[in-house]
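Each reported figure results from applying straightforward, stated rules to the coordinates on display, with no laboratory input. These numbers were taken from a predicted model, which means no experiment stands behind them. In this analysis, Cβ positions are derived from the backbone assuming ideal geometry, glycine residues included, and neighbour counts consider all displayed protein chains.
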Amino acid sequence: MNTQELCPLCGEGHVTLQVEQVENEYKGQKALLPQHFKQCNHCGSDFAGAAEAKLNKRALMAWRKQVDGLLTGREITALRTQYKLTQAQAAQLFGGGPVAFSKYENDDVAQSEAMDTLLRVVRRSAEAFRALLEEKGMPEVSAEVAQTNRPALRLLDTNQYRIERQREELSPHYNPRAFRTFKSTEDTVWKN
Ligand SMILES: [Zn+2]
């Protein structure tokens, strides 16, 4: 794809957008992650502009969240839409500041372990969700959820619950209990 954008380095060539799979390592795990960059057809220079840097940072953050046993941005979006919450309502309910959920869901920021735990508990139980709504004094959302959320009481199906738990335990990328024992101060570096 030719962007018709002039190369800022040589001023003569045009740059095209490129993606490569690059190996990353984090806490002893390796993964191939997409690396976006621009390349000049004249001088051959490659570099990442602001947009590419953002995409690269998000891909890296999403993967690190998985390694750390935190919910990914997509999982948080799924949880929020499961309960028919706007991002603003989610922030009001769970905390984290007005734009917190936009940042979590775009993988710009990793949620704290405490936030992650709260989100998991609510994801697992509509009962916990309603209790939290009461606690935070958000009855208008509560009334709506009481209507719409009844079929989502998945945990009453204990067999399905057992199967999902087994799947979690077996998945190498999705075992928060195992990874949390290796948590170090290194994590906090990635919280901004
Ligand atoms: Zn150039």
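Quick notes on this one:
- Cα pair count fraction exceeding 13 Å, expressed as % - the range 2-67: 64
- Gap separating the Cα centres of the range 30-73 and the range 95-128, nearest whole Å: 23
- A131-D108 pseudo-label distance in nm [points 7 Å out on the Cα-to-Cβ vector]: 3.3
- Globularity index of the range 5-150, i.e. its alpha-carbon radius of gyration over 2.2 N^0.38 Å: 1.39
- Residue pairs exceeding 32 angstrom between C-alpha atoms, taken from K30/K54; K38/K84; K54/K84; K30/K136: K38/K84; K30/K136.
- Put in line by how crowded their Cβ is, counting other Cβ atoms within 10 Å and starting with the fewest, L60, L71 read L60, L71.
- As a rough footprinting exposure proxy, the listed residues Y104, Y26 were ranked by other beta carbons within 10 Å of their own, and the order from fewest upward is Y26, Y104.
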